[in-house]
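Enquirer: Below you will find the structure I want to go over with you.
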Amino acid sequence: MGDKLRFILAIVAFLMAFLATAQNITLSPNSKLVGSPAFELIVTGSGFSWDNVVFFGPAGYLLPYFQTSTELRVSVPASLISTVGTLNVYVGGPEYQSDWATFTVTPPLPVLTSVNPRDVYALEPTYTMWATGSSFMPNSIVRWNGNALSTTFVDSTRLSATVPSANIATAGSAAITIQTPGGGTSAPQTVTIGEPRPVVNDLTPNAGYIGGPNVVATVSGQYFVPGAYVSAGGLRVTTTYVNSTTLSVVLVPFATAGSYPIRAHNPNGAVSYVGAAFYVGNAVPTITSVHPSPVVSRLGGGLITVTGTGFVSGSTIWVRGEEVPTSFRGSTTLEGSVFEPIFLYSGLIPVEVRTPSPGGGTSNSMNISVVNPVPGVNSLSHTRADVGSYGFEITLNGFNFRPETTVRLDGVDLSTASPPSSWDSIRAIIPTSALATPGIKAITAFTSGLGGGTSSTHYFTVGNLLTQNVTLSDHTQPNQQIVVLVNAIGGGRLRTFQPTLVNGQYRVAHDLPSGSYELEIFDTRFLRKKIIVALTGNEVTAPAVTLVNGDCDGNNVIDLSDYTIVAQAFNALPSSSNWDARADLNGDGVVDLTDYTIVVMNFNSIGD
């Protein structure tokens, strides 16, 4: 027999001897609650010896503190039963090993104290439920009326579970329990399934504007019950129940633009999700007046006040298409700061208000009327010029001159030297052509545009000026036209003027050289008067004269011919067939005793 065979037979003999000594063992206790403290384990069997140890699971190597051939006692530390599960236990030694016995570490009984939500509504979608309690294990299961739910372990006090929508299809209640395999099932908690919460699908109409009228609208949806009401932006609104799918509401536009969520509330406290919104926008503003208007044209700006409707804090005033700094004074009033040169030129300045979105828009346009004042002339820088001199610049001093103001000479615009540098002076060019012949020229300032007008008249003399007071005796009209002949002393007639008396005075311009001249003054119905006058300077005032009345035929004598003319027209009016204007000596429009008396009183008078 070889050595190898003898070795194999020895091993077989040993194993048969070892197996012959193996014994069944029992454990007391054979289970413990996970997390229990250390405990005494009694192992019962046979053939135990002093060198046996107890193997408790993969990590336990326990030395008995008491032993007999049939019993071993060991202390099991708490660390060996900290995890739920089963542990293999056996007794072993150098020449001995028992069979395996099973020790079970059991989970605790779960305790369920609450679920959230506790109240739900039928027909809700799938949702997550939270279970709170104690002694939960990673394999704990939430059950709904005994049916397992998909469960997630959070910690030993919390579990979450997914509740399918099918579980809450109808109103009622459900028992919720926690089951831990091997540990038992908790006492139940109840979830109440209420009637379906209302559903809002639509709001029609769904918009209003600040300051606008109330909006009567219809809320469409499902599961409305009598007593249901609607809230907009969290505020309850007047609601009328129509049927389970329709509510009628009155919406009062809010003071602030925005979107306000619409919810339906049933009497049982069920509130819908947001299914619609009430949109409140800014109103389109409207202007009713702009102050001040009209405005007298001026340098500088100022404040304008715009009144109207639909103004909000974001509304702005636009003047001539440009935004101006705006102050909000209320829903009907805005103030704007207008800078120069808005009011410099006359005309219509459009004003509008613009309100931002939501809603809003541009108002109607209303005009500010900028009007020019009537200019005034106080003095002229020049009041005369020599005949035939060159043109020159003249300055008018006064007030209310504007960029549109021009200087007029005898009603014709002159070239303006430059726009007015101030409100109280303006310059213009008198052309050479206006100085070619003697005369008295009317100087005025004229402002065009809205308002405006023509100033009072100042006079400019081309040549020298002759002035004389003339009294027409026995005559009622002080502004009668007369004839003035200027005769050279010892020579012929030089000038003939036909000025109109203004309050008994005439003024004529001439270019006669200095010297003595005879003035011959007369008119129809008046005898001639001759005087000598020295023309020596720019302006000469001739001695005053009085013309005698009564020369009807103009032959420079009051005689029977004049008497006859008055007699033939006696008692005549301009409409009479016998009317003769020469006989109306006092100019009162009737030939009467007064005219007859004038002829009689001055009869046989002869003019110069």
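Enquirer: For the stretch 107-158, build the convex hull from the C-alpha positions and give me its volume per residue in Å³.
Expert: Per-residue hull volume (Cα only) is 86 Å³.
Enquirer: Shifting gears a bit: Please compute the volume of the convex hull spanned by the alpha-carbon atoms of the chain and report it per residue in Å³. Working shown, then result.
Expert: Working: hull volume 228.6 nm³, N = 608.
Convex hull of Cα atoms, per residue: 376 Å³.
Enquirer: If every alpha-carbon in the stretch 161-237 counts as one equal scatterer, what log10 I(q)/I(0) does Debye give at q = 0.20, 0.21 1/Å?
Expert: -1.01, -1.06
Enquirer: Got the relative contact order for the stretch 133-212 handy, in percent, Cα pairs under 8 Å and 6 or more residues apart? Mind dumping the intermediate values first?
Expert: On the way: 118 pairs, mean separation 20.1, N = 80.
The value is 25 percent.
Enquirer: Can you list, largest first and rounded to whole Å, the semi-axes you get for the stretch 202-354 by taking the square root of 5 times each eigenvalue of its Cα gyration tensor?
Expert: The equivalent ellipsoid of the stretch 202-354 has semi-axes of 48, 11, 10 Å.
Enquirer: On to the next question. Indicate the helices, whole DSSP H runs only, in the chain that combine a mean Kyte-Doolittle hydropathy of 1.6 or more with a Cα extent along their long axis of 20 angstrom or more.
Expert: What comes out of the filter, once short or polar helices are dropped, is 3-21.
Enquirer: Ranked from the most accessible area to the least, with a 1.4 Å probe and all protein chains present, what is the order of ASP474, ASP562? Show your work: numbers first, answer last.
Expert: Details: ASP474 85, ASP562 0 Å².
Order by accessible area, largest first: ASP474, ASP562.
Enquirer: For the stretch 481-601, evaluate the Debye formula with one uniform point scatterer on each Cα (no solvent term) and list log10 I(q)/I(0) at q = 0.12, 0.19, 0.20 Å⁻¹, rounded to two decimals.
Expert: One equal scatterer on each Cα of the stretch 481-601 leads to -0.53, -0.97, -1.03.
Enquirer: Which whole-number percent gives the relative contact order of the stretch 435-502, counting Cα pairs below 8 Å spaced six or more residues apart?
Expert: Numbers: 79 pairs, mean separation 15.8, N = 68.
For the stretch 435-502, the relative contact order is 23 percent.
Enquirer: As a test of the definition: which semi-axes, in Å, follow for the stretch 372-429 when you take the square root of five times each eigenvalue of its alpha carbon gyration tensor? Largest first, please.
Expert: 20, 11, 10
Enquirer: Where does each of SER75, SER231 land when they are ordered by accessible area, with a 1.4 Å probe and the largest first?
Expert: Highest to lowest solvent-accessible surface, that is SER75, SER231.
Enquirer: To continue, here is another question. Given Cα pairs under 8 Å that are at least 6 residues apart, what percent is the relative contact order of the chain?
Expert: Taking the mean separation of contacting Cα pairs over the length of the chain, I get 6 percent.
Enquirer: Using alpha carbons only, what's the Rg to Rh ratio of the stretch 365-463 with Rh from Kirkwood?
Expert: A ratio of 1.04.
Enquirer: Can I ask one more? In what sequence, largest accessible area first, do ILE210, ILE532 appear using a 1.4 Å probe? Spell out each step's value before the answer.
Expert: Working: ILE210 35, ILE532 100 Å².
Descending accessible area places them as ILE532, ILE210.
Enquirer: LEU33: accessible area at probe 1.4 Å, nearest 10 Å²?
Expert: Here the accessible area works out near 80 Å².
Enquirer: Now, a different point. From the C-alpha gyration tensor of the stretch 323-391, pull out the three semi-axes of the equivalent ellipsoid (sqrt of 5λ each), sorted largest to smallest, in whole Å.
Expert: With the √(5λ) rule applied to the stretch 323-391, the semi-axes are 48, 12, 10 Å.
Enquirer: Which ³J(HN,Hα) values in Hz, rounded to whole numbers, follow from the phi angles of the stretch 92-104 under the Karplus curve 6.51 cos²θ - 1.76 cosθ + 1.60, where θ = phi - 60° and Gly and Pro get x?
Expert: Going residue by residue, I get x, x, x, 10, 8, 8, 7, 6, 8, 10, 9, 10, 9 Hz, with x marking Gly and Pro.
Enquirer: Could you give me the radius of gyration and the Dmax of the stretch 288-352, taking only the C-alpha atoms into account and expressing both in angstrom?
Expert: Values for the stretch 288-352 (Cα only, Rg and Dmax): 11.4, 32 Å.
Enquirer: Can I ask one more? If eta is 1.306 mPa s and T is 10 °C, what Stokes-Einstein diffusion coefficient results for the stretch 420-553, Kirkwood Rh from Cα pairs, in µm²/s?
Expert: Estimated diffusion coefficient is 93 µm²/s.
Enquirer: Now for a different question. So for the stretch 10-157, Kirkwood radius off the Cα pairs, Stokes-Einstein at 10 °C and 1.306 mPa s: how many µm² s⁻¹?
Expert: 85 µm²/s
Enquirer: Just to verify a number: what accessible area does TRP100 come out at with the full protein assembly present, 1.4 Å probe, Å² rounded to tens?
Expert: For TRP100, the solvent-accessible surface is approximately 140 Å².
Enquirer: Let a ≥ b ≥ c be the square roots of the eigenvalues of the Cα gyration tensor of the stretch 264-308; is it rounded (a/c under 1.5), or, if not, prolate (a/b larger than b/c) or oblate? Mind dumping the intermediate values first?
Expert: On the way: a/c = 6.19, a/b = 5.46, b/c = 1.13.
Here the stretch 264-308 falls in the prolate category.
Enquirer: By how many nm would the segment from ILE440 to VAL557 grow when fully extended, if each residue of separation counts as 0.36 nm and the alpha-carbon distance is taken off?
Expert: Value of the extension gain: 38.8 nm.
Enquirer: For HIS382, tell me the accessible area in Å² from a 1.4 Å probe, rounded to the nearest 10.
Expert: 80 Å²
The values are calculated or read from the model by the stated rules, or taken from the named source; none is laboratory data. Here the structure is a predicted model, which means the values were calculated and not measured. Side chains are part of the model used for accessible areas, which takes the heavy atoms of the whole protein and leaves out ligands, DNA and RNA. Shrake-Rupley method; radii C 1.70, N 1.55, O 1.52, S 1.80 Å.
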